[in-house]
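Working notes, structure below.
Values in this text are rule-based calculations from the coordinates and carry no lab data. All figures in this text were calculated on a predicted structure; none of them were measured in a lab. Virtual Cβ from ideal backbone geometry, glycine too; neighbours counted across all protein chains shown.
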Amino acid sequence: MKIRALLVGLVAVGLSAAAVAAEPIVIKFSHVVAQDTPKGKAAEKFKALAEQYTNGAVKVEVYANSTLYKDKEEMEALQLGAVQLLAPSLAKFGPLGVREFEVFDLPYIFDGYEALNKITQGAVGQQLLAKLEPKGIRGLAFWDNGFKSFSANTPIHKPEDLKGKKMRIQSSKVLEEQMREVKSLPQVMAFSEVYQALQTGVVDGTENPHSNLYTQKMHEVQKHMTLTDHGYLGYAVITNKKFWDGLPAEVRTQLDKAMAESTVYANQIAKEENDKSLAAVRASGKTEVYAPTAEEKAAFKKALVPVHKKMESRIGAELIQSIYKETGFDPAKL
Ligand code: LMR
C-alpha cells in the first residue's frame, strides 16, 4: 500500500514511471547463523533468485550472524516493519504467543527428514503457518536444518550424564522441559551469545545441529559431542504481512516463485551441509564425537519422550496426535 502511494506521489511530482521503477524495493533479510549454513545459503539463494526474477525491481539485503538483529529483537523488528524477512528457528515462536510451533521441539517426534517433511510440506505445516496471521506475520515456507546432538566438556553417554549441567537452549518451553527431564539446568540464551557462554563457562553445554555447532566454532569450546539426534531444528521463513500484501502483485508473484525455489534448495542441501560440518568437527580433533549404541539411544528416548505428554496442554493434544498419525510415531512402542 505504502509503495503504491509512494509511486503515485512520485509520478505526480513529475518523475516518469520508468525512473520510479529504477528505485528498487529493498527487502532486508536478517538471520542469526553463519552464511555457510543451510539457512545462510538458502537466504543467499533467495536473494539471487528474487533479484533475477524481478529484474532488479527488488533488492534483497541479507544480514547474517546476528549483524542486524539478535533472536528476540528480530521478531520485534519484523512486526514493526523495520525488517522484511526472517527465518527464525521453530523453537522461537513461543514468546510471540504461537506455542504450537514448539511441537517441532518434542524429543524424537521425527525419525528423520522424511517424517519431518510430511509435516512441513503438508497440510499440518500450512495450518501452523496460518496461526501467524493474527500476529501480523505471513509464513512463507519451512526451511530444514537438521537433527541435534548434545555437547559438553564431559562425555554424555546416557541421560544421567546431563544431570546438573547448565545447558543453553532456545526460547522454547518444550526444550526447557526436555532439559529438566534429564535434571539439567536449562538456560535460555540468544544464539549470538552461545559461543562466549560456553567458552567462559557461563553454561556447560548445549544442543545443535552440526552446521550450527561447527560454523559458530562451538566445537573449539566443547570437548564432547554425542550423536543423539534427539530433536529437530528448522525454520519458518516469515515476512511482515502488511508489507507483503502491499507489494505490487507482479512483484509478489516473482518473489513467491523465488521463495518456492529457495525452499527446494534449502531442503536439498540441509542434510549434506550438516554431514559436511560433522566431518569437519571430527577432522578438527577438538571435540570427541560419540555415536551412542542402540541401547544408549533407547535410554535417551525413554528418558525424553515423556516430554510429549507433559507438554500436551501447552501445544495441544490434537496437534501432537495429528503428527503421530502422519509420521507413524508411537510413544507406546519405545
Ligand atoms: C539457535 O538459537 O540455536 C538456532 O535457532 C540458531 C539458528 O537460527 O539455527
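Just 229, 36, 245 to compare: in a GNM of the chain, with alpha carbon springs under 10 Å, which one fluctuates most?
Result: 245 has the largest fluctuation of those listed.
Counting other beta carbons within 10 Å of each residue's own, what order do 31, 157 fall into, fewest first? Don't skip to the answer; put the middle values down first.
Values: 31 29, 157 14.
Least crowded to most crowded, the residues run 157, 31.
If you take the beta carbon distance between residue 63 and residue 332 as r and set R0 to 45 Å, what does 1/(1 + (r/R0)^6) give as a FRET efficiency, to the nearest 0.05?
Working: r = 46 Å, r/R0 = 1.02.
Plugging the Cβ-Cβ distance into 1/(1 + (r/R0)^6) gives 0.50.
Treating only the Cβ atoms of Lys and Arg (+1) and Asp and Glu (-1) as charged, compute the dipole magnitude of segment 2-327 about its Cα centre; round to the nearest 20 debye.
Approximately 440 debye in magnitude.
Once phi is turned into ³J(HN,Hα) by the Karplus curve 6.51 cos²θ - 1.76 cosθ + 1.60 with θ = phi - 60°, what whole-Hz value does each residue of segment 153-168 show in order, with x for glycine and proline?
Going residue by residue, I get 9, 10, x, 10, 9, 9, x, 4, 5, 8, 4, x, 7, 7, 10, 6 Hz, with x marking Gly and Pro.
Taking other Cβ within 10 Å of each residue's Cβ, how do 51, 207, 23 sort, fewest first? Let's see the in-between values first.
Values: 51 18, 207 25, 23 14.
Arranged by neighbour count, lowest to highest, 51, 207, 23 become 23, 51, 207.
Given a Förster distance of 25 Å, report the FRET efficiency between residue 276 and residue 114 from their Cβ-Cβ distance, rounded to the nearest 0.05.
Efficiency, rounded to the nearest 0.05: 0.75.
Under the rule of at least 5 residues apart or a separate chain, name every residue whose amide H is placed under 5 Å from the amide H of residue 140.
237, 238, 239
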